[in-house]
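First, the structure itself, so that you have it in front of you.
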Amino acid sequence: MKRLLLLLILIVVGLQAALAQEDVFRVDASTSLGTISPYVFGANMGHHALIPGALLDEAQALNLNFLRFGGGDSDQQDLRTSTLDIFVLQARAIGTEPLVTVRLLNGTPEAAAEMVRYANVEKGYNIRYWSIGNEPNLFVRVLGAPSYSTEDLVAQWRAIAEAMLAVDPEIMLVGPDITQYVVFDTDPMTYLEMSSGGHPRDDQGRDWLIEFLRANGDLVDIVSIHRYPFAGGGDRGATVEGLPAVSHEWDVAIPNLRQVIREAAGRDIPIAVTEFNSNSSQNIGGEASLDSLANAIWIGDVLGRLIRNQVEYATVWDIQGSPVRGWGLLGTYDVRPAYYSYLMYTHFGTELLASESSDPLVSISAALRDDGALTLMVVNLGRDEATKTLSLSGFAAGGDAEVWQFDAEHNAEALDAQAISDGTTITVPGLSMTVYVLPPQ
């Protein structure tokens, strides 16, 4: 694994040296790549998260469309109806579609079915999305199960799923929420093995996801994975230089994941990245810790890559943290830097367009808005200012572009308008997100 990681880093460094010389952004506004799923803008709500009343306006301003209730506690205790009530209340208050996780480890079909009955029959919540269990490939290592295999997963998941569908056949099932499932090649299968806790295979060498899809590909509606790369910091978290080195994993892993799904399930199934962040170690106060500017910019870059790879659902971990829990778009009394990463995307369009950056440290995503405006999201993962030339075809602006920026000096704030056209030179600060909104003619 170390040699594979070293090779990946060398490839990234080589690309940086070779491609950065060109310094060009290419955008073809005449080439549509399809509608951006609104559910890519989502978050988790762990069992210990709670949207503070004083920050409800801030939470609503994010325009999140998907909120997953789950995480590690989902398989350590049965979900209570009172807890579900509070979650649904908060999800509705901020305008998101809810996803609810029921227990898999030591769970029963009867308990899961009763939760669906309570939510959708008795209370009329009409919760469409449900998942069963959380990170089953960590049941032994993290939750202390005496044993757990792919055979256990496929049999127990199916029994619970069928019981839930018997109550409400219209629900959408999301799973299996395997963590750290990163496929670098599919012929032959090459994984990022034992990536900070999550192994892609059980102790018999069977692939968790492939075995699940072969058995339950007929029932699952959305295939879900988790990813915490621990970028350069080992178990301590991440480093500023380590974050860009792992960003490019998504551009390889997501297309390969689609191939794995197609071959194992015999059909295409939408993808959900139902947990992601740079790490899960709760670190705070560091240069690249979960509550840092660098981590927030990395999250903004990941969102762009998930959008460009046309991932249908994505939920960052998680929506709210405390002074001792670094993750969270919201804190207890104020917002976290990652909040502004999502706020920046409220200016972004809904129709994905062809775009390309020549610099691995500086990415660009392009989209049309419903009002006809062209939006360009530029994310600089490097510490240094970057200057690029824009090669733009298929769009002529009807005036100067709005400019919004998130960096060390600006919290998703409007800057002076700027004329943007083919051949324009664009300069962005280090560790920044900048969105340009070009009005139509």
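State which residue is surrounded by the most Cβ atoms within 10 Å (Cβ to Cβ) when the search covers only region 60-89 and only residues that are of a type in the set (Gly, Ala, Ser) and closer than 25 Å to Ser280 by Cα.
Taking the candidates together, the pick is Gly70.
Can you tell me which residue in region 345-368 is surrounded by the fewest Cβ atoms within 10 Å (Cβ to Cβ), limited to those that are within 19 Å of Ser247 (Cα to Cα) and under 17 Å from the mean Cα position of the chain (by Cα)?
Tyr345
Inside region 112-147, can you point out the residues that are in a loop (DSSP other than H, G, I, E, B), surrounded by 15 or more Cβ atoms within 10 Å (Cβ to Cβ) and more than 26 Å from the chain's Cα centre (by Cα)?
Ala145
Every residue in region 369-413 that is aliphatic (A, V, I, L, M), in a strand (DSSP E or B) and either over 30 Å from Gly242 (Cα atoms) or modelled with pLDDT under 95 (or both), please.
Residues satisfying the conditions are Leu374, Leu392, Ala401.
For every residue, the table says whether it meets (1) among the hydrophobic types (A, V, I, L, M, F, W, C); (2) closer than 18 Å to Ile297 by Cα.
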{"site": "Ala367", "(1), (2)": "yes, no"}
{"site": "Ala373", "(1), (2)": "yes, no"}
{"site": "Val378", "(1), (2)": "yes, yes"}
{"site": "Arg383", "(1), (2)": "no, yes"}
{"site": "Ala386", "(1), (2)": "yes, yes"}
{"site": "Ala419", "(1), (2)": "yes, no"}
{"site": "Leu431", "(1), (2)": "yes, yes"}
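If you take the residues in region 152-167 that are of a type in the set (Gly, Ala, Ser) and under 19 Å from Val100 (Cβ atoms), which one is surrounded by the fewest Cβ atoms within 10 Å (Cβ to Cβ)?
Ala166
If I ask for residues that are over 27 Å from Ala238 (Cβ atoms) and either of a type in the set (Val, Ile, Thr) or touching a Leu at 6+ places or on another chain (Cβ under 6 Å) (or both), which ones from region 175-201 would you list?
Within region 175-201, Thr186 is the sole residue that qualifies.
Let me ask something else. If I ask for residues that are under 30 Å from Tyr342 (Cβ atoms) and either charged (D, E, K, R) or modelled with pLDDT under 95 (or both), which ones from region 84-117 would you list?
Passing the criteria: Asp85, Arg92, Glu97, Arg103.
While we're looking at this one, here's another question. Pick out the one residue from Gly198, Gly144, Gly205, Gly217 that is of a type in the set (Gly, Ala, Ser) and in contact with a strand residue (DSSP E or B) (Cβ under 6 Å, 6 or more places away or on another chain). Steps first, please.
Values: Gly144 fails: in contact with a strand residue (DSSP E or B) (Cβ under 6 Å, 6 or more places away or on another chain); Gly205 fails: in contact with a strand residue (DSSP E or B) (Cβ under 6 Å, 6 or more places away or on another chain); Gly217 fails: in contact with a strand residue (DSSP E or B) (Cβ under 6 Å, 6 or more places away or on another chain).
After ruling out the rest, the residue left standing is Gly198.
Taking the condition surrounded by 20 or more Cβ atoms within 10 Å (Cβ to Cβ), touching a residue at least 40 places away in the same chain (Cβ under 8 Å) and under 16 Å from Ser30 (Cα atoms), does Ser393 pass?
no
Further, regarding this structure: I need the full set of residues from region 402-441 which are surrounded by 14 or more Cβ atoms within 10 Å (Cβ to Cβ) and within 17 Å of Gly382 (Cβ to Cβ), in order please.
Hits for region 402-441 are Gln405, Phe406, Asp407, Ile426, Val428, Pro429, Gly430, Leu431, Ser432, Met433, Thr434.
Which pairs turn up if I take residues in region 397-408 that are farther than 30 Å from Asn295 by Cα and look for partners that are in a strand (DSSP E or B) with beta carbon separation below 7 Å, at least 6 apart in sequence or on another chain?
From residues that are farther than 30 Å from Asn295 by Cα, the pairs are Ala397/Leu438; Asp400/Ala417; Asp400/Gln418.
Oh, and also: Report yes if some residue within region 324-332 is in contact (Cβ under 8 Å) with a residue 40 or more places away in the chain, in contact with a helix residue (DSSP H, G or I) (Cβ under 6 Å, 6 or more places away or on another chain) and under 20 Å from Asn279 (Cβ atoms); otherwise report no.
Within region 324-332, one or more residues are in contact (Cβ under 8 Å) with a residue 40 or more places away in the chain, in contact with a helix residue (DSSP H, G or I) (Cβ under 6 Å, 6 or more places away or on another chain) and under 20 Å from Asn279 (Cβ atoms).
Restricting to region 164-207, give me the number of residues that are among the hydrophobic types (A, V, I, L, M, F, W, C) and under 20 Å from Phe69 (Cα atoms). Give the steps one after another, and end with the answer.
So in region 164-207, the residues among the hydrophobic types (A, V, I, L, M, F, W, C) come out as 164-167, 171-174, 178, 182-184, 189, 192, 194.
After this cut, where a residue has to be under 20 Å from Phe69 (Cα atoms) as well, the list is 164-165, 171-174, 178.
Matching residues across region 164-207 total 7.
Provide a single number: the residues in region 231-289 that are of a type in the set (Gly, Ala, Ser), in contact with a Phe, Trp or Tyr (Cβ under 6 Å, 6 or more places away or on another chain) and at pLDDT below 90.
Result for region 231-289: 1.
Next up: Is it true that Asn44 is closer than 20 Å to Gly304 by Cβ and surrounded by fewer than 16 Cβ atoms within 10 Å (Cβ to Cβ)?
Working: closer than 20 Å to Gly304 by Cβ: yes; surrounded by fewer than 16 Cβ atoms within 10 Å (Cβ to Cβ): no.
Spelling it out, it is not the case that Asn44 is closer than 20 Å to Gly304 by Cβ and surrounded by fewer than 16 Cβ atoms within 10 Å (Cβ to Cβ).
The values are calculated or read from the model by the stated rules, or taken from the named source; none is laboratory data. In this text, all values refer to a predicted model and were calculated from it rather than measured experimentally. Cβ atoms come from the backbone with ideal geometry, glycine included; neighbour counts cover every protein chain shown.
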